[in-house]
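Single-structure report; data block below.
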Amino acid sequence: MTHHMISISEAEDIIRQSVRPLPPRRMALSAVLGLTLAEDVVAGCDIPAFPQSSMDGYAFAYPDWGGSRELKISGVIPAGDRQPCRLTPGSAVRIFTGAAVPEGADTVVMQERVQAADGNLVISDGQLQPGSNVRPRGSEIRTGALALEAGTTLTPAAIGFLAGIGHAQVAVYPRPSISLIVTGNELQRPGGQLEYGQVYESNSSALLAALEQMHIRNVKVVQVNDDPDELTVALHTALEESDVTLLTGGISVGDYDFVLQAAAACRVAPSFYKVRQKPGKPLFMGKREAKVVFGLPGNPSSVLTCFYMYVVPALGLLSKTRTDLRTVRAPLAGAHRKPAGLTHFLKGNFDGEQAYPLGAQESYRMHSFARSNCLIRLDEDQTDLPEGTLVTVHLLPVC
């Protein structure tokens, strides 16, 4: 790692090249929504396992009817009936949707197209063909056939399909577990009384909510003082317990050494430190084997910006899911000026047509972030941006 500042695209490349998916885990269908299949799933049996009626009606052998003959009603087969039966030639049985079509029958007529009287059945259906309204055995899937391939995102429909072919659990890439280490002597919990010199701790609230939005709930929050030894102990524990550690605060130029010291003491190899961006310049990333560590700035607005732009893609790589923010190109509403040298992320609102930068862009201020639905990205070399300039807009996830 170098201590020189790197560009946003260099930081993104480092993350893409260094973060690998977590080892797959077998999980119950109830826990896999939104995850990615880590195996090809093969059908263990024919589905349906028997010819099945797709209607409430009557099952019979088409040649017995021949388009005109009356049939004798010889019984009833409800769905779920486990007694296989054989149809008497020249007869029909009452049958219900989902029930097994008896041996000897090949066609079902819907109940609206018949008259039944005195145990006899008269069929009046000019559209009826041999095999009508019968789902053949294995018509959903055959034994041994590929049901879903590795890499499939498990939607509600995919989960329903897997349950329907008899699978109770599958191998998936799990969501990462997170440790969140919040540093700062000046922090007070919301709800408490502020002493002189204290501020309310808000970063853990914002990050927990952002992780919850990604369905990541295995999160441990630890608060430590600005003390290198305390931080080292907390980081050591976090590396043992979690896949990803996020540190917030304690990383301004004077005390960033705390994070670097603690990382070095815990054998975390630095990947980068400092990105040419505003907000969030002092951003640290490091790795110990497969474990990923991010040192986020302390200012709430910087924390959340860095989380969305760098941590979110890393979490997606770990669980092999698509998590990056949706990005569009849109014209800037109003002119904007900035110095060259840093990429700026402005809190903004995108109305489907234009991107509107909001006021109060300073990194300690959350007021505008609280009302924004996007981050407007202005590149390093851009300085004067007239109204209507096409800019990159990162859409923030909505709940």
Working only within the range 146-165, note down all residues that are more than 21 Å from Ala49 (Cα to Cα) and assigned to a loop (DSSP other than H, G, I, E, B).
Glu149, Ala150, Gly151, Thr152, Leu154, Thr155
In the set Arg267, Arg337, the lone residue that is closer than 17 Å to Leu247 by Cα, open to solvent by 10 Å² or more (accessible area, probe 1.4 Å) and more than 28 Å from the chain's Cα centre (by Cα) is Arg267
If you take the residues in the range 200-231 that are in a helix (DSSP H, G or I) and charged (D, E, K, R), which one is modelled with the highest pLDDT?
Glu212
Being more than 20 Å from Ala238 (Cα to Cα) and surrounded by fewer than 21 Cβ atoms within 10 Å (Cβ to Cβ) is the filter here; which residues of the range 171-184 pass it?
Ala171
Tell me yes or no: at least one residue of the range 141-149 is within 14 Å of Trp65 (Cβ to Cβ) and open to solvent by less than 40 Å² (accessible area, probe 1.4 Å).
no
What are the residue pairs meeting all of these: first residue in the range 119-140, first residue under 30 Å from Phe161 (Cβ atoms) and without any contact (Cβ under 8 Å) to a residue 60 or more places away in the chain, second residue open to solvent by less than 80 Å² (accessible area, probe 1.4 Å) and polar (S, T, N, Q), Cβ atoms under 6 Å, and 6 or more apart or on different chains?
Ser132/Thr107
Considering only the range 295-321, how many residues are assigned to a loop (DSSP other than H, G, I, E, B) and closer than 16 Å to Pro397 by Cα?
1
Given Arg371, Arg365, which one is open to solvent by 30 Å² or more (accessible area, probe 1.4 Å), modelled with pLDDT under 95, under 29 Å from the mean Cα position of the chain (by Cα) and among the basic types (Lys, Arg)?
Arg371
Of the conditions (1) surrounded by 15 or more Cβ atoms within 10 Å (Cβ to Cβ); (2) not in a loop (DSSP other than H, G, I, E, B), Pro63 fails just one. Which one is it?
(1)
Residues located in the range 1-41, provided they are out of contact with any strand residue (DSSP E or B) (no Cβ under 6 Å at 6 or more places or on another chain) and within 30 Å of Ala99 (Cβ to Cβ):
Leu29, Ser30
Would you mind finding the one in Asp46, Asp40 that is of a type outside the set (A, V, I, L, M, F, W, C), open to solvent by less than 60 Å² (accessible area, probe 1.4 Å), under 36 Å from the mean Cα position of the chain (by Cα) and on the phi < 0 side of the Ramachandran plot?
Asp46
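The values are calculated or read from the model by the stated rules, or taken from the named source; none is laboratory data. Everything numeric here is computed off the predicted structure, so don't read it as measured data. All Cβ positions, glycine included, derive from the backbone under ideal geometry; neighbour counts span all protein chains shown. Heads up: the accessible areas ignore ligands, DNA and RNA and are worked out on the full protein's heavy atoms, side chains in. Shrake-Rupley method; radii C 1.70, N 1.55, O 1.52, S 1.80 Å.
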